[in-house]
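Colleague: This is the structure I have questions about; it appears just below.
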Amino acid sequence: MGSERSVIRPFFERSDFIGLRRKLGAMDTDALAAAYAGLAPMERLVMFKLLAPAAALALCRRLVPAEVYFLLCGFPLQSIAPVLDGLEGWQRASFHESPRGLHDEMLSFLAASA
């Protein structure tokens with residue numbers, strides 16, 4: 001777990017979200033889950049918002065229901081406003097509003113796990 005976290009930690013330290021998005025895109029679901037576990041709450045939201053929808057859903061399927069609920073609560077892009085406020089427009093472009101379908105899939109997964 002710690003090694004995956006340490007692989008992405010430098011991206012957070014440099015606020016290199018473009019590089020982080022590329023790195024996350026190259027990681028498999030196991031590595032994403034291991035990295036996620038070692039992050040602070042805001043970093044978890046940032047990571048989630050940088051993932052492609054399919055990877056985000058695959059990650060959610062590996063998480064405990066409380067974590068999926070946390071990500072649902074942080075679903076709007078504005079939930080990471082403190083991070084976005086310090087970025088230039090071209091840097092903000094790395095983040096995207098997640099599609100409604102992802103939200104619905106996460107809700108279905110959460111309901112099925114209850």
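Just so it is clear, none of the values below were taken in a lab; they were calculated from the coordinates. What you see is a predicted model; the values in this text were computed from it and never measured. As a convention, Cβ positions derive from the backbone with ideal geometry for all residues, glycine included, and neighbour counts pool all protein chains shown.
Colleague: Collect residues whose amide H, placed 1.01 Å from N in the peptide plane, falls under 5 Å from the amide H of Phe95; neighbours closer than 5 in sequence don't count.
Modeller: Excluding prolines and chain starts, which carry no amide H, there are no hits.
Colleague: Separate question: How much length is gained if the chain between Ala26 and Tyr69 is pulled fully straight, taking 0.36 nm per residue apart and subtracting their Cα-Cα distance, in nm to one decimal? Could you put the intermediate results ahead of the total?
Modeller: Numbers: separation 43, 0.36 × 43 = 15.48 nm, distance 2.54 nm.
Gain in length upon complete extension: 12.9 nm.
Colleague: While we're looking at this one, here's another question. Any chance you could give the angle, 0 to 90 degrees and rounded to 10, that helix 2-13 forms with the longest Cα principal axis of the chain?
Modeller: 50 degrees
Colleague: Ranked by Cβ crowding within 10 angstrom, fewest neighbours first, how are Val7, Val68, Val46 ordered? It would help to have the intermediate numbers written out before the result.
Modeller: Numbers: Val7 14, Val68 19, Val46 24.
The order, fewest Cβ neighbours first, is Val7, Val68, Val46.
Colleague: Which whole-number percent gives the relative contact order of the range 2-113, counting Cα pairs below 8 Å spaced six or more residues apart?
Modeller: It comes to 28 percent, rounded to a whole number.
Colleague: Would you order Glu13, Glu105 from fewest to most other beta-carbon atoms within 10 Å of each residue's own beta-carbon? Walk me through the numbers on the way to the answer.
Modeller: Working: Glu13 8, Glu105 16.
Ranked by crowding around the Cβ, least crowded first: Glu13, Glu105.
Colleague: Related question: Name the shape class, rounded, prolate or oblate, that the alpha-carbon gyration tensor gives for the range 2-113, where a ≥ b ≥ c are the square roots of its eigenvalues, rounded holds for a/c under 1.5, and otherwise prolate holds if a/b is larger than b/c and oblate otherwise. Don't skip to the end; give the middle numbers.
Modeller: On the way: a/c = 1.79, a/b = 1.26, b/c = 1.41.
The shape class here is oblate.
Colleague: Kindly write out, for the range 49-62 in residue order, the coupling ³J(HN,Hα) from the Karplus curve 6.51 cos²θ - 1.76 cosθ + 1.60 (θ = phi - 60°), rounded to whole Hz, with x marking Gly and Pro.
Modeller: 6, 8, 7, 5, x, 5, 5, 4, 5, 4, 4, 4, 5, 9
Colleague: With everything on Cα atoms, drop me the angle between helix 100-113 and the longest principal axis of the chain, reported from 0 to 90° to the nearest 10.
Modeller: Relative to the chain, helix 100-113 is tipped by roughly 50 degrees.
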